[in-house]
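Since the structure comes first, as structure tokens, the remarks are kept for the end.
The values are calculated or read from the model by the stated rules, or taken from the named source; none is laboratory data. On a predicted model such as this, the values are computed, not experimentally measured, just so you know. Cβ sites come from the backbone with ideal geometry, for glycine too, and all protein chains shown count toward neighbours. Just so you know, the surface numbers come from the protein's heavy atoms only, side chains and all, with ligands and any DNA or RNA stripped out. Shrake-Rupley method; radii C 1.70, N 1.55, O 1.52, S 1.80 Å.
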Amino acid sequence: MPDTTSPLFSGLIATLLILPFVGFVGVAGINRQFAGKVAVALTGIGLALSIALVMQLPEQPVALRTAWATLSGVSFGASFRIDTLAGLMLVLVHFVALLVQIYSLSYLHNEPKLSRYFSYLQLFVGAMLGIVLAGNLLVMYAFWELVGLASFLLIGFYAERPAASKAAQKAFLMNRVGDIGFLLGIFLTYYYFDTLEFDQLTTSSAPVALPTTLGLCLFMGCVGKSAQFPLLTWLPDAMEGPTPVSALLHAATMVAAGIFLLARIHPLLSPDALVVIALTGAITTIWGGYSAVFQTDIKKVLAFSTISQLGLMVVGMGTGNVGGAMFHLFTHAFFKAGLFLSAGAVIHAVDTQDMRHMGGLRKVLPATFIGYTICAAALAGVPFLSGFLSKETIIGGAFNWSAEQGGGLSYLIPVVLLLSSVLTALYMARQWRLVFWGRYRNENVLAYQVHEADWLMRGPILVLAVLSFWFWFSLNPFSAQEGWFFSLIPITDEPAHWWLAPVSVGLVLAGGWYGFRMHEPNQTSSYVRLSQEYGYLDTLYHHLIINPTLKLTSLLNRADQRIVDGAVNGAGISTVVLAQLTSAFDRFGVDGLVNGLAWLTGQVGNLSRSVQNGRVQSYITAAVVGLLVVLWWLL
């Protein structure tokens, strides 16, 4: 039971944890007409409770502990913890989930499995809240797997479509690869530190080599969940799920879990581990950015954009800029959710995801156009929007980190981040042009049939667009250092680079101008195919992992059939033959001898009985024969 919390805090934490799971069980059994409204009401209550909890949050973290399980005399507790970081995440998850569910009421109003959809969403939200509130690695891992299950159910929601089932399996399996490393990290943590509690781990000390091993194993969890290189190809395929799910998954739940994990374990990470993490994030951000440039699916562009931005956050973590990375997670959640919901409104209007069949939609979808434009500009890093503030914080921190590291190679990481910013502006401007400008190109849905979505869909888009402006985070449009966010989650006070903002703005404008003006290249060009095939990562996996595994499986199958099964079948046949021989020996040998003796005895008995038949002639004959035998023997 709680040992450091007031009954009010305990009740609030327990209610916030239980509420979505009650929704998961209850909404599934409600008529589809009311399922969405009940889910929205539950999430709204959760948001109100989260705000109430955060407003009363003390300066020191609050913990809720209870006994869970005892194995071989070792007790494992279920502990939950709320601090400033967890409090902000609680509000963010509830807020984005609420808007997504309001949007879904209209977007999926014809969906026959609507109750199941909202039930899965409740499970998704509940699992993410469990990760946010987890007080130790064991509890976090339990909810970590639950998030994986919920994402599997939602990505494969349209299970009747083979592509959706395949995408769900791919996401599930690739995440398991990362989770194996995460689980090994948890085992190693307990082995070396004898505890899994976050508040105790952050005060422990250990040799550098141990945290490096631990940190990289734990980081594998982030690599899987947050789609970092090389486990990134599941995220674009996950677009097979409903579009509102993509908004929630990319903004505030699953992919954010890996970044939140890094924030929690950051004190455990050694300098060597941080360098590896920074390099992984840098590779991911440039890989994802280039993969987005020539995509033709409106949602896949946004998916690769998410991968690139997650890489940016991971670089922030690797360069020791935890506050900057979490700040970008917050700003990114609003404009990326806005972009996905805008994309959903466009798809809803033109009934296609192929941007080559869109164009000129700014006039017929004015509200979506405004919302999309603001969110896209925020993502690209245009000044006076939140994305500019958070990206500058991470890139500036990366330059300061490079200066501390010394040597020219370390500057490659911030330079890669600047190049990634150029790519972001380029592919977002290209998408903006293909969707909203030029000639309308869809022959299946005529122009006069295209119409704006209702306010249940437009409202969340516009709210998220408004929240993408700078003034919600800082009064200074060019710096967030004095804003409220960093007063809650402080960052290291490091020198600012006066030249960085002008250079970033110049690069963003150049990338945006080129992306808007560029002509569509030949789709068969090598550099276009390289982008559309995600750098041929899946092809590489097929050649290096999947095909050899299938060949090994086939070889083992043949060996099983010919050697193992052959030996087993041979032993079986030999046993049957031996059994037949034994049976024959038994029947003709043992039983034959016994039966033969019995038969002989019977014959002798019959003969004796025939002699003793009471006839005088028989007795005289027997006496004569006996006499003759005696005489023959004597003579």
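Calculate the dipole size of the stretch 491-635 relative to its Cα centre from +1 charges on Lys and Arg beta carbons and -1 charges on Asp and Glu beta carbons; express the result in debye to the nearest 20.
Here the stretch 491-635 has a charge dipole of around 1100 debye.
Over the stretch 277-413, what relative contact order in percent results from Cα pairs under 8 Å that are six or more residues apart? Can you show the working numbers first?
Numbers: 167 pairs, mean separation 35.0, N = 137.
Result for the stretch 277-413 is 26 percent.
Would you kindly state how much longer the chain becomes between TYR527 and LEU188 on full extension, computed as 0.36 nm times their sequence separation minus their alpha carbon distance, in nm to one decimal? All intermediate terms of the calculation are to be shown ahead of the outcome.
On the way: separation 339, 0.36 × 339 = 122.04 nm, distance 4.30 nm.
So the extension gain works out to 117.7 nm.
Hey, with R₀ at 51 Å, roughly what FRET efficiency would ALA403 and THR66 work out to, going by the Cβ-Cβ distance, to 0.05?
0.65
Okay, helix-only estimate at 222 nm for the chain: each DSSP H run of n ≥ 4 adds -39500 (n - 2.57), divide by all residues, round to 500 deg cm²/dmol; what do you get? Mind showing how you got there, number by number?
Working: 26 runs with 440 residues, N = 635.
My calculation for the chain gives -23000 deg cm²/dmol from helical runs alone.
For the chain, build the charge dipole from Cβ charges (+1 Lys, Arg; -1 Asp, Glu) around the Cα centre, then report which of THR202, VAL382, GLY318 sits farthest towards its positive end.
VAL382
To the nearest 10 square angstrom, how much accessible area does THR621 have with a 1.4 angstrom probe?
80 Å²
Which value, in debye to the nearest 20, describes the size of the charge dipole of the chain about its Cα centre when Lys and Arg Cβ atoms bear +1, Asp and Glu Cβ atoms bear -1, and nothing else is charged?
Taking the Cα centre of the chain as origin, the dipole is about 1660 debye.
With a cut-off of 8 Å between alpha carbons and a minimum separation of six or more residues, what is the relative contact order of the stretch 369-476 in percent?
43 percent
Would you calculate the convex hull of the Cα atoms in the stretch 422-580 and tell me its volume per residue in Å³?
It is 386 Å³ per residue.
Largest first, how would VAL624, VAL528, VAL382 line up by accessible area (1.4 Å probe)?
VAL624, VAL382, VAL528
When the solvent-accessible surface of protein heavy atoms is calculated with a 1.4 angstrom probe, in what order do ILE573, ILE489, ILE307 fall, highest first?
Of ILE573, ILE489, ILE307, the descending order of accessible area is ILE573, ILE489, ILE307.
Relative contact order, percent, of the stretch 414-504 when contacts are C-alpha pairs under 8 Å separated by at least 6 residues?
After rounding, I find 18 percent.
Can you tell me the 0 to 90 degree angle between the C-alpha axis of helix 386-405 and the longest principal axis of the chain, rounded to 10?
The helix 386-405 is inclined about 80 degrees to the chain.
Hey, can you grab everything whose amide H is under 5 Å from the amide H of ASN136? Only 5+ residues off in sequence or another chain; H modelled, so Pro and N-termini drop out.
Close amide H contacts, sequence-distant or interchain: SER79, PHE198.
Counting only the heavy atoms of the protein chains, how much of LYS166 is accessible to a 1.4 Å probe, in Å² to the nearest 10?
Here the accessible area works out near 150 Å².
Would you mind calculating the gained length between ASN547 and LEU581 on full extension (0.36 nm times residue separation, minus the Cα-Cα distance), in nm to one decimal?
Working: separation 34, 0.36 × 34 = 12.24 nm, distance 4.85 nm.
Here the answer is 7.4 nm.
Based on the Cβ-Cβ distance of ALA52 and VAL22, what FRET efficiency does E = 1/(1 + (r/R0)^6) give at R0 = 22 Å, to the nearest 0.05?
On the way: r = 19 Å, r/R0 = 0.85.
For R0 = 22 Å, the calculated efficiency reads 0.75.
What would the Debye formula give as log10 I(q)/I(0) at q = 0.14 Å⁻¹ for the alpha-carbon point model of the stretch 299-380, no solvent?
With one equal scatterer per Cα and no solvent, log10 I(q)/I(0) is -0.52.
Going by alpha carbons, how many degrees (0 to 90, nearest 10) lie between the helix axis of 7-28 and the longest principal axis of the chain?
70 degrees
For PHE95, PHE157, PHE80, PHE478, give the ranking by accessible area with the largest first, probe 1.4 Å.
Per-residue accessible area, sorted high to low, gives PHE478, PHE95, PHE80, PHE157.
Using the alpha-carbon centroid of each, what span in Å lies between the stretch 57-122 and the stretch 440-459?
Each part reduced to its Cα centre gives a spacing of 35 Å.
The chain: Rg/Rh from Cα coordinates, Kirkwood Rh?
1.33
If r is the Cβ-Cβ distance from SER6 to GLU494 and R0 is 45 Å, what FRET efficiency results, to the nearest 0.05?
Once rounded, the FRET efficiency stands at 0.75.
For the stretch 92-187, state what percent of all Cα-Cα pairs lands in each successive 5 Å bin, counting from 0 Å until the bin that includes the largest distance.
With a bin width of 5 Å, the distribution comes to 3, 13, 19, 21, 19, 14, 8, 3, 1, 0.
Using the Cα gyration tensor of the stretch 1-106, with a ≥ b ≥ c the square roots of its eigenvalues, what is the shape: rounded (a/c below 1.5), prolate (a/b larger than b/c) or oblate (neither)?
oblate
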